[in-house]
Amino acid sequence: MSLDSLLFQAVNGLASASGLFLVAAGLSIIFGVTRIVNMAHGSFYMLGLYLAVTLAPALSPWIGGAAGFWGGILVATLAVALLGALVEMVLLRRLYRAPELYQLLATFALLLVISDAVLFLWGPEDILGPRAPGLSGAVDLLGRRLPQYDLFLALAGPAVLLGLHLLLRRTRFGRLIRAATQDREMVAALGINEALLFTAVFALGAGVAGLGGALQMAREPANLAIDLSVLGDAFVVVVVGGMGSISGAYLAAVLVAEVKALCTALGVVDIAGYAFNMSRLTLVAEFLVMALVLILRPHGLFGRPQPPATTRARAEPAPAPLGRRGAVLVLVAVALFAAVPLIGQFFAYAPVLALDMVIAALFAASLHFIMGPGGMASFGHAAYFGLGAYGAAFAATRLGAPTPLAFAMGIGTAAMGATLFGWFCVRLEGVYFAMLTLAFAQIVWSIVYQWEEVTGGSNGMFGVWPQAPFDEPAGLYLAALAVTLAGLFLIRRVVFAPFGFALRAGRDSSLRAEASGIPVARVRWLAFALAGTLCGAAGALFAFAKGSISPEAISVGRSIDGLVMVLLGGVQSLMGPVLGAGGFTLLQDMVMRETDYWRALLGAVILAVVLLFPSGIAGGLRRAGNAR
Amino acid sequence: MNAGAPVLEVRDLTKSYGGVRAVDGVSFDVAAGELLALIGPNGAGKSTCFNIVNGQLRPDAGAVRLGGRVITGLPPRRIAALGVGRTFQVAAVFGSMTAAQNVQTALAAARGGTFDLWRPARRLGREQALDLLAQTGMAAQADRPASTLAYGDVKRLELAMALAGEPRLLLMDEPTAGMAGTERREMIALVQALTRARGLAVLFTEHSMDVVFGHADRVIVLARGRLIANGGVDEVRRDPLVREVYLGGAPTEARP
Ligand SMILES: Nc1ncnc2c1ncn2[C@@H]1O[C@H](COP(=O)(O)OP(=O)(O)OP(=O)(O)O)[C@@H](O)[C@H]1O
Ligand SMILES: [Mg+2]
């Protein structure tokens, strides 16, 4: 590696950093004022990019190449800002008082809807944008040719940073934003039109993200995976930079992008006789940067610690022990599920569906364990599902391990991943926890996607068939049922053991728990690891059930499926996630066969649930019950 | 144990927030069996002192010793394990549990049973939890959800939880805040009786002067982070500096 290739990559890194920064800055501004983490922020970026690659060529014949290119960027930015304003007025305005989890889910539903809308409007193929007129050449620097457009983008980031800085410091609008970020009550007390301020802020944040996307048109093709990959990166940037700090976001974006660029520049290096392709390690590098910053500065580079709340604002309901009637119902349900292979002779499809339900039940119950008693709503639970699935698939196909051993190795992989990532995640609360879990899941997904030799890349792994006696549908099904029941039983024991009480204690009041001698972080960590391990078991079962595993099966979408299952069933009861998983699987199975736009439909279902029951389904039902 | 030896020794504690010295070179001792009142106007630095002693905050300078051992900088859970129980100015309990379960959870933590993943918690330590609740006058409320308790009862529950760790030192930040006159006196009399029976060292803050002068063994006075008086009840009551601090913008109840 030479100095000039390093320089080349450094400029390249700065260019990427600008895009990342624009998304993260918008996310940060919106969060500062509205306290909502906008999961659809990557979608605004993606929309900006799609609109620009469509508008620029369309405008060019009318107003000329250069004007068309820049005009396309401008119009795309404004259109996305307008959409942001619309979203705020129609959707978010109803959610400011809803629980955090619901806000996150609603904006994620938006992500799903936008994603399918883009698929509908632009189709599944990548779309290449035009090159920038006047900036398509290269500049000679130290004998190396640097693309002009990269240089331009590298400068665009700091320019926007400066612009935002001036906006926030020098204008009345900016002063209002800062006032609202520091003290929301004060803004209301001063008689400022809050609704208008929030709409404007959302439009600003969305527009900045849209601009970030539009600017990338000369560098990368528009594609449908961008929304989630950008969102994951933006979360990393925000967590590293410190939530609410614009300068922190820029610094973090540069740090992350430069470390990635450095890995690419290093190429293949020899370490202790082994050749390592460093460019493959970009994602691991991103993880390491984040890990290092969070160890040294848990609230990010420029973030301030939030003062711990003495107690939760509202008391969570206690998980109810099973009554006599409940116990009978559970026994009947278990008997029915155990009998499914018998009716399988008549309805061939029943065992397949029942197997999906059983796996989903374990997946959802493991998520519920940290979400309900632990109060930690993970947006990245799919990571451990994926580690379990890939671990088992790898052991079964590449290592030729017998089925039970491969299954155990899948669980072990998930346990290791959950233990490692959990250490970082449990230190954060609320939306920060949600963002970090999602970022880790995105990293796992990307590693799986890129590490072709081991994971099969985008195709995944095939031929993950179990050996006798699990090669028979009934054998595998009964084994899965046994594993799931064992998992549910374990969770139940733990929830009602002192550990479960300590976990709830940390959730209810971490100050009180610590003062009573409960090591809250360690309790959460163990709970997280346990949930990840059980989730890994579900993933391993999934790999054997399908005979294959691909990155798609472990994407963020699966994490959200889990959240929806838990919410459908109700967070307060241990049976909730099991019922929710069953209902969700049935619904998905019915709808998915009917339409290609399953995600948009799921988004609509989530939005309906969130808007109709803004205080949670259980709360809504309770209110309905009281009204009667 | 040597009767007069201090359980808690605080030396030259200092803590600043930005430019504000919340606690400024504060030193004092608390002996076993002693009920020491820490008083001072709002914002004097009382809660900050508590939070440093219990490990929630790290001081900029100074040392805290418990039974001769330096505990400065240890996390709250370690300090709790060494025998320091506390209650909060804004009472904090576990809202999703019953009163008895709150105490049982505190008991399990004190006995190192937090990581018991298997045994049902329902009966573990229940007898002792009921006993503690009875001692704090909460027997009738044992099986009510903590989130439905009246504020005064939450404070009693917190006291029972603090006692579950069998502390040597009890820190109580405004144990009677939000209570009516008679309830106040009952609560402090309860604390007094419990500490006498157990030989506990107690450090408490209080805004109600009749509570302080009626029950404390000794009083220390903080004003703007500095310790301005330390002595017996009568001595402090007569101290001209204390009178000045309390008469300048003082609440009416401050006058004994
Ligand atoms: N987290 C913080 N950040 C900044 N300043 C703080 C913080 N906590 C306390 N202070 C300041 O430190 C000083 C002491 O506060 P402290 O809460 O210890 O007072 P106090 O004596 O307990 O008052 P009160 O009687 O109202 O409870 C006050 O000036 C307060 O504003
Ligand atoms: Mg105080």
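The values are calculated or read from the model by the stated rules, or taken from the named source; none is laboratory data. Predicted, not measured: the structure shown is a model, and the values here were computed from it. Every residue, glycine as well, gets a Cβ built from its backbone with ideal geometry; the counts of neighbours run over all protein chains shown. Keep in mind that these areas ignore ligands, DNA and RNA; they rest on the heavy atoms of the full protein, side chains included. Shrake-Rupley method; radii C 1.70, N 1.55, O 1.52, S 1.80 Å.
What about B:T105, is it within 22 Å of the chain's Cα centre (by Cα), buried (at least 21 other Cβ atoms within 10 Å of the Cβ) and within 16 Å of ligand 1 (Cβ to nearest atom)?
For B:T105, the condition - within 22 Å of the chain's Cα centre (by Cα), buried (at least 21 other Cβ atoms within 10 Å of the Cβ) and within 16 Å of ligand 1 (Cβ to nearest atom) - is not met.
If you go through the stretch B:70-91 and keep only what is surrounded by fewer than 24 Cβ atoms within 10 Å (Cβ to Cβ) and under 19 Å from B:T136 (Cα atoms), you end up with B:Q89, B:V90. Residues that are in a loop (DSSP other than H, G, I, E, B) and either facing chain A (nearest Cβ under 9 Å) or hydrophobic (A, V, I, L, M, F, W, C) (or both) within the stretch B:64-92 comprise B:I71, B:L74, B:P75, B:L82, B:F88, B:Q89, B:V90, B:A91, B:A92, listed in sequence order.
Does B:A99 qualify as being crowded, with 24+ Cβ neighbours inside 10 Å, more than 10 Å from chain A (Cβ to nearest Cβ), in contact with an Asp or Glu (Cβ under 8 Å, 6 or more places away or on another chain) and of a type in the set (G, A, S)? When the stated conditions are applied, B:A99 passes them. Selection over the stretch A:414-444 of residues that are modelled with pLDDT of 90 or more and outside any helix (DSSP H, G or I) gives a count of 1.
Evaluated against (1) open to solvent by 10 Å² or more (accessible area, probe 1.4 Å); (2) without any contact (Cβ under 8 Å) to a residue 60 or more places away in the chain; (3) more than 13 Å from chain B (Cβ to nearest Cβ), A:K546 falls short on exactly one condition, (2).
Filtering the stretch B:15-57 to residues that are under 26 Å from B:D210 (Cβ atoms), away from ligand 2 (no atom under 11 Å from the Cβ) and not aliphatic (A, V, I, L, M) leaves B:F28, B:D29, B:G33, B:E34. In this entry, B:R21 is excluded by the filter for residues that are touching a strand residue (DSSP E or B) at 6+ places or on another chain (Cβ under 8 Å), basic (K, R), away from chain A (no Cβ under 14 Å) and away from ligand 1 (no atom under 16 Å from the Cβ). When we screen B:G95, B:G113 for residues that are touching a residue at least 40 places away in the same chain (Cβ under 8 Å), not hydrophobic (A, V, I, L, M, F, W, C) and not in a helix (DSSP H, G or I), the only hit is B:G95.
May I ask you to say which residue of B:E127, B:E174, B:E166 is open to solvent by 10 Å² or more (accessible area, probe 1.4 Å), charged (D, E, K, R), more than 16 Å from ligand 1 (Cβ to nearest atom) and at positive phi? Explain how you work it out, then say what you get.
On the way: B:E127 fails: at positive phi; B:E174 fails: more than 16 Å from ligand 1 (Cβ to nearest atom).
From the options B:E127, B:E174, B:E166, the qualifying one is B:E166.
Annotation note: Cβ proximity below 8 Å between a residue of the stretch A:589-612 that is surrounded by 18 or more Cβ atoms within 10 Å (Cβ to Cβ) and a residue that is among the hydroxyl-bearing types (S, T, Y) (sequence gap 6+ or interchain) occurs for A:R599/A:S115; A:A600/A:S115; A:L601/A:T595; A:V610/A:Y102.
In the condition set (1) within 16 Å of ligand 2 (Cβ to nearest atom); (2) assigned by TED's automatic domain parsing to the domain that holds B:A110, B:G225 is compliant with all but (2). Criterion applied to A:A249, A:A206 was being at pLDDT 95 or above and either on the phi > 0 side of the Ramachandran plot or buried (at least 23 other Cβ atoms within 10 Å of the Cβ) (or both), and the one residue passing it is A:A206.
Check B:T48, B:T14 and return the single one that is within 16 Å of ligand 1 (Cβ to nearest atom) and either within 14 Å of chain A (Cβ to nearest Cβ) or of a type in the set (K, R) (or both).
Going through B:T48, B:T14 in turn, the sole match is B:T48.
Of the numbered criteria (1) away from ligand 2 (no atom under 16 Å from the Cβ); (2) within 23 Å of B:T48 (Cα to Cα), the one B:V90 fails is (1). Here is a check on your reading of the model: is B:A37 in contact (Cβ under 8 Å) with a residue 60 or more places away in the chain, within 15 Å of ligand 1 (Cβ to nearest atom), aliphatic (A, V, I, L, M) and over 18 Å from B:D217 (Cβ atoms)? In short, no. Among the criteria (1) outside any helix (DSSP H, G or I); (2) assigned by TED's automatic domain parsing to the domain that holds A:G13; (3) not charged (D, E, K, R), the one A:G213 does not fulfil is (1).
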